[in-house]
Amino acid sequence: MKIIFSIFFILFFIGATYAQDILTLKNGAEIKAKVIEVGLKEVKYKKANNLEGPDFIIDKSEIEFINYKNGNKEYINKKDVVIQNDVSKKEIINQENVEGIKHINRKGESSLNLDLGVLTIGDFDKTYEWKGLEIGVSYLISLSKTINIGFETFLTTLSSKTFVEKNTNIPAYEYKYNYKLNALTLYAKSQFYWLNRPKTGMYSGLDIGYVTGTMASNLVSGYGRPAQFDLIPVAIQITFIGLKYGVANHWYGNYELGYGKRGIINIGLGYRL
């Protein structure tokens, strides 16, 4: 009978020992406790030998891991939380990317974007019917989940359609010419997200920039005197609707419909840094 009582007492003592949470600190010390709450920066607990006593608070930066009485082990540091249960299954949650799980536009992140103009402003003015290349590189930083600011360097090199004019003195003679436009624009960019989902975002934007470059006539055939025109130094681009879509952690694509110096439609490829 004494043996049975002794075994029961030992088992009860072992159960009581393990039926508590243990906080292992980074300095190697252990705190036997009952964890009440694990917050973003602190852990609230009661001491295991005084559950009716006051609550204690310790900074999470001091804790290496927590052994819970149910067998789970929670590793704690600034970047990751790793939860390991009694069957050694690990669930990793990166706390810095919680916003990224919920939103494609993430506060505090920066990104590089390569933009290509598809339809230029010349499509509104059929006099010139511009064709050519409009390409830009932009850098953006997210001030919040809804607001981005940044800058963009945009290169424009375009040719107009060919014009034909008769010589008034010699009716049988004609000359042909077109216009060449070469410009470099530096934009200050802003974006406002009104839809921000895990893989998809929709936004509007306003870009204001400074233009340097020239537009000059280019003689194709015949005789004539080339002319050169100064460009308006101020450029404005309004994005009515922008669509951002990403399937990977860093890469994404974007499509913009707007009006201004960069044209009607812009497409791009971006990378989150």
Legend entry - In order through region 42-56: 3J(HN,Hα) via Karplus (6.51 cos²θ - 1.76 cosθ + 1.60), integer Hz, x for Gly, Pro: 9, 10, 9, 8, 10, 5, 5, 8, 8, 5, 8, x, x, 7, 10
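Rank the residues Ile36, Ile76 as a footprinting-exposure proxy: fewest other Cβ atoms within 10 Å of their Cβ go first. Provide the component values of the computation, followed by the final result.
Values: Ile36 13, Ile76 20.
In increasing order of surrounding Cβ atoms, one gets Ile36, Ile76.
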Legend entry - Long-range HN-HN contacts of Glu42 with modeled amide H, under 5 Å: Lys60
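Checking the table Lys44/Lys107; Lys47/Lys69; Lys145/Lys244; Lys199/Lys261 against a 25 Å threshold on Cα-Cα, which pairs fail? Please list the in-between numbers first.
On the way: Lys44/Lys107 29 Å; Lys47/Lys69 14 Å; Lys145/Lys244 13 Å; Lys199/Lys261 29 Å.
Violating the 25 Å Cα-Cα cut-off are Lys44/Lys107; Lys199/Lys261.
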Legend entry - From phi via Karplus (6.51, -1.76, 1.60), per-residue ³J(HN,Hα) for region 147-164 in Hz, x at Gly/Pro: 10, 10, 9, x, 9, 8, 9, 10, 9, 10, 9, 10, 10, 8, 5, 8, 9, 10
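Read-outs throughout are calculated quantities, based only on the coordinates presented, and are distinct from any laboratory measurement. Because the structure is predicted, anything quoted here is derived from the model rather than measured. Using ideal geometry, Cβ is built from the backbone for each residue, glycine included, and neighbour counts are taken over all protein chains shown.
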